[in-house]
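J.: I have a structure here, written as C-alpha cells, and I will follow up with some questions on it.
The values are calculated or read from the model by the stated rules, or taken from the named source; none is laboratory data. Keep in mind that this is a model prediction, so the values were computed, not measured. Note that each Cβ is placed from the backbone with ideal geometry, even for glycine, and that neighbours are counted across all protein chains shown. In case anyone asks, the SASA skips ligands and DNA or RNA and just uses the protein heavy atoms, side chains included. Shrake-Rupley method; radii C 1.70, N 1.55, O 1.52, S 1.80 Å.
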Amino acid sequence: MADRLTQNQIDDALESSLSDWTLEGGDTIRRDITAGTFKGGITLVGQVAEIADSMDHHPDIDIRWTTITFRLSTHSEGGLTDNDVRLAAEIDRLAP
C-alpha cells in the first residue's frame, strides 16, 4: 500500500513537477489536455492505459471530442499518493 501524501507534499508536486495539474476536492488531481484531433486524443488515452496497466494504477478519464480530462486519486487510500504523482508525470511526458 502507498502512503497518502501530506498537503505540503501535494503542494510541492503541483508547484514544481506537476504545474499543469490542479487539486480538486483535496483528494484528486486533474489535468485537461486538448489534442489536435479526436483520434489523437484517443491515441493518448491508449498510451496512458498501457502505462496505467503496468503500474496497476488507473486514472478516471473523460473524453469530450478533443479534450481529455484525467483525474488521479488513490481510492484505496482515500487521497493522493506517490502513485498519482508518478502517473501524472507519465501523462505529462505523453501529452502534446
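J.: Would you confirm, using the coordinates I've provided, whether PHE70 is open to solvent by 80 Å² or more (accessible area, probe 1.4 Å), among the aromatic types (Phe, Trp, Tyr) and modelled with pLDDT of 95 or more?
T.: Considered against the rule, which asks whether it is open to solvent by 80 Å² or more (accessible area, probe 1.4 Å), among the aromatic types (Phe, Trp, Tyr) and modelled with pLDDT of 95 or more, PHE70 comes out as no.
J.: Oh, and also: Does ILE29 satisfy being open to solvent by 60 Å² or more (accessible area, probe 1.4 Å), in a strand (DSSP E or B) and either touching a residue at least 12 places away in the same chain (Cβ under 8 Å) or out of contact with any Phe, Trp or Tyr (no Cβ under 9 Å at 6 or more places or on another chain) (or both)?
T.: Against the criterion (open to solvent by 60 Å² or more (accessible area, probe 1.4 Å), in a strand (DSSP E or B) and either touching a residue at least 12 places away in the same chain (Cβ under 8 Å) or out of contact with any Phe, Trp or Tyr (no Cβ under 9 Å at 6 or more places or on another chain) (or both)), ILE29 does not qualify.
J.: If you go through region 37-67, how many residues are open to solvent by less than 90 Å² (accessible area, probe 1.4 Å) and part of a helix (DSSP H, G or I)?
T.: So the answer is 13.
J.: For the list (1) open to solvent by less than 50 Å² (accessible area, probe 1.4 Å); (2) touching a residue at least 60 places away in the same chain (Cβ under 8 Å); (3) not in a loop (DSSP other than H, G, I, E, B), I need the number of the one condition that SER76 fails.
T.: Of (1) open to solvent by less than 50 Å² (accessible area, probe 1.4 Å); (2) touching a residue at least 60 places away in the same chain (Cβ under 8 Å); (3) not in a loop (DSSP other than H, G, I, E, B), only one is false for SER76: (1).
J.: Something else about it: I need every pair where a residue in region 11-26 that is closer than 15 Å to ARG71 by Cβ and β-branched (Val, Ile, Thr) has its Cβ under 8 Å from the Cβ of a residue that is at pLDDT 95 or above and surrounded by 16 or more Cβ atoms within 10 Å (Cβ to Cβ), sequence separation at least 6 or different chains.
T.: If the second residue must be at pLDDT 95 or above and surrounded by 16 or more Cβ atoms within 10 Å (Cβ to Cβ), the pairs left are THR22/LEU14; THR22/ILE29; THR22/ARG30; THR22/ARG31.
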